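S.K.: Pasting a structure below so you can have a look.
The values are calculated or read from the model by the stated rules, or taken from the named source; none is laboratory data. Note that this is a predicted model, so its numbers are computed, not measured. Positions of Cβ are backbone-derived with ideal geometry, glycine not excepted, and every protein chain shown enters the neighbour counts. Note: accessible area is taken over every heavy atom of the protein model, side chains too, but ligands, DNA and RNA are not part of it. Shrake-Rupley method; radii C 1.70, N 1.55, O 1.52, S 1.80 Å.
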Amino acid sequence: EAGVAQSPRYKIIEKRQSVAFWCNPISGHATLYWYQQILGQGPKLLIQFQNNGVVDDSQLPKDRFSAERLKGVDSTLKIQPAKLEDSAVYLCASSLGHRGSTDTQYFGPGTRLTVL
Amino acid sequence: DQQVKQNSPSLSVQEGRISILNCDYTNSMFDYFLWYKKYPAEGPTFLISISSIKDKNEDGRFTVFLNKSAKHLSLHIVPSQPGDSAVYFCAAIPDSNYQLIWGAGTKLIIKP
């Protein structure tokens, strides 16, 4: 079974530029998550989708971050414009479960973003 | 406000000995706890979990212990192997929104 795919794996941009990340979850997984992991910290949830609807985006900085999951499968996360403090690894995860589930989350390899 | 704390940034253990990784939490509404393992340049992978109604869960070389009164859980790996060298994250799920709250991780180094 294929795992969660993410691209690109690495991205270097200058501040105020835009960047987009792509995620393809495990087939059949209804729930998709985007996390931000800053060096030395645990992952922080940015947004959670159930199929193509947003379950929680309370920690997403909506003035610069946006995410979508069209057709309830692939997802993209965009940052526009980027700031230095956005330098982090962006992890995508998926799970079978519906809202209120403790189903295991499966993670992709992440995209390491460096903002100069 | 760190609700899940892993106070040891790193731990070094001799191959074949027991590794004990610790995690403390502050929110008494957490009712499910997980350990994830992460290798460099990879995403975290699920290792083992425990429900708040239990105090122990075992899976092969890995055992998780939960002490609810102390708000403390630990992961025991025995015997430790070189492939266990990784960063281990403790995470908790509150019964309010079922979202993972993560600790900062502990880097485990297994010495040959």
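S.K.: With the Cα gyration tensor of the protein assembly as shown in hand, convert its eigenvalues to equivalent ellipsoid semi-axes via √(5λ) and list them largest first in whole Å.
M.R.: On the way: eigenvalues 177, 82, 53 Å².
Rounded to whole Å, the semi-axes are 30, 20, 16.
S.K.: Could you give the nm distance between label points at A:D63 and B:S69, where each point is 7 Å from its Cα heading toward the beta carbon?
M.R.: 4.9
S.K.: Let me ask something else about it. Can you give the FRET efficiency for B:R61 and A:S7, using 1/(1 + (r/R0)^6), R0 = 35 Å, r = Cβ-Cβ distance, to the nearest 0.05? Before the final figure, lay out the partial values.
M.R.: On the way: r = 34 Å, r/R0 = 0.98.
Result of the calculation: an efficiency of 0.55.
S.K.: Which whole-number value in Å² is the accessible area per residue of chain B, probe 1.4 Å?
M.R.: Result: 49 Å² of accessible area for each residue.
S.K.: What are the residues of the stretch B:14-57 that lose 30 Å² or more of accessible area, with a 1.4 Å probe, going from their chain alone to all protein chains?
M.R.: B:Y32, B:Y36, B:A41, B:G43, B:P44, B:F46
S.K.: Could you list, in their original order, any pairs among A:K62/B:K56; A:K83/B:K68; A:K62/B:K38; A:K71/B:K5; B:K5/B:K111 whose Cα atoms are separated by more than 31 Å?
M.R.: Result: A:K62/B:K56; A:K83/B:K68; A:K71/B:K5 exceed 31 Å.
S.K.: Work out how far the C-alpha atoms of chain A reach from end to end along every principal axis, then list the three figures in whole Å, largest first.
M.R.: Between the extreme Cα coordinates on each principal axis of chain A lie 38, 28, 27 Å.
S.K.: So for chain A, averaging the separation of alpha carbon pairs under 8 Å that are six or more residues apart and normalising by length, what relative contact order in percent results? Walk me through the numbers on the way to the answer.
M.R.: Details: 292 pairs, mean separation 42.7, N = 116.
For chain A, the relative contact order is 37 percent.
S.K.: Can you list the residues of the stretch A:71-116 whose accessible area drops by at least 40 Å² going from the chain on its own to the full set of protein chains, with a 1.4 Å probe?
M.R.: A:G100, A:T102, A:T104, A:Q105, A:F107
S.K.: Hey, if you put +1 on the Cβ of every Lys and Arg and -1 on every Asp and Glu Cβ in chain B, which of B:N57, B:Q81, B:A104 ends up farthest toward the positive end of that dipole?
M.R.: My answer, from the dipole projection, is B:Q81.
S.K.: If packing is taken as the mean number of other Cβ atoms within 10 Å per residue, what is the order of A:23-35, B:3-15, A:76-88, highest first?
M.R.: Highest mean packing first, the order is A:23-35, A:76-88, B:3-15.
S.K.: Dipole magnitude of the stretch B:1-102 about its Cα centre, charges +1 at Lys/Arg Cβ and -1 at Asp/Glu Cβ only, in debye to the nearest 20? Walk me through the numbers before you get to the answer.
M.R.: Numbers: 9 positive and 10 negative charges, 29 e Å.
Value, rounded to 20: 140 debye.
S.K.: With an 8 Å cut-off on Cα pairs and a minimum separation of 6 or more residues, tell me the relative contact order of chain B in percent.
M.R.: Dividing the mean separation by the residue count of chain B yields 37 percent.
S.K.: For the protein assembly as shown, with only Lys/Arg (+1) and Asp/Glu (-1) charged at the beta-carbon, what is the dipole magnitude about the Cα centre, in debye rounded to 20?
M.R.: Roughly 460 debye for the protein assembly as shown.
S.K.: A follow-up question, please. Could you give the dipole magnitude of chain A about its Cα centre, charging the beta-carbon of Lys and Arg +1 and that of Asp and Glu -1, in debye to the nearest 20? Provide the component values of the computation, followed by the final result.
M.R.: Numbers: 13 positive and 10 negative charges, 66 e Å.
Around 320 debye, computed over chain A.
S.K.: If you roll a 1.4 Å probe over chain B with all protein chains in place, what percent of the accessible area is carbon or sulfur?
M.R.: Here carbon and sulfur together make up 49 percent of the probe-accessible area.
S.K.: Quick one: what Rg and Dmax do you get for chain B from the alpha carbons, in Å?
M.R.: So, for chain B, Rg and Dmax equal 13.4, 44 Å respectively.
S.K.: Next up: Report the antiparallel proportion of the DSSP beta bridges in the protein assembly as shown as a percent, rounded to a multiple of 5.
M.R.: Numbers: 70 of 79 bridges.
Restricted to the protein assembly as shown, the bridges split so that about 90 percent are antiparallel.
S.K.: So what is the relative contact order of the stretch B:23-88, in percent, for Cα pairs below 8 Å that sit 6 or more residues apart?
M.R.: Details: 102 pairs, mean separation 20.4, N = 66.
Once divided by the residue count of the stretch B:23-88, the mean separation gives 31 percent.
S.K.: I need the per residue convex hull volume for the stretch B:66-112, using only the alpha carbons, in cubic angstrom as a whole number.
M.R.: That works out to 97 Å³ per residue.
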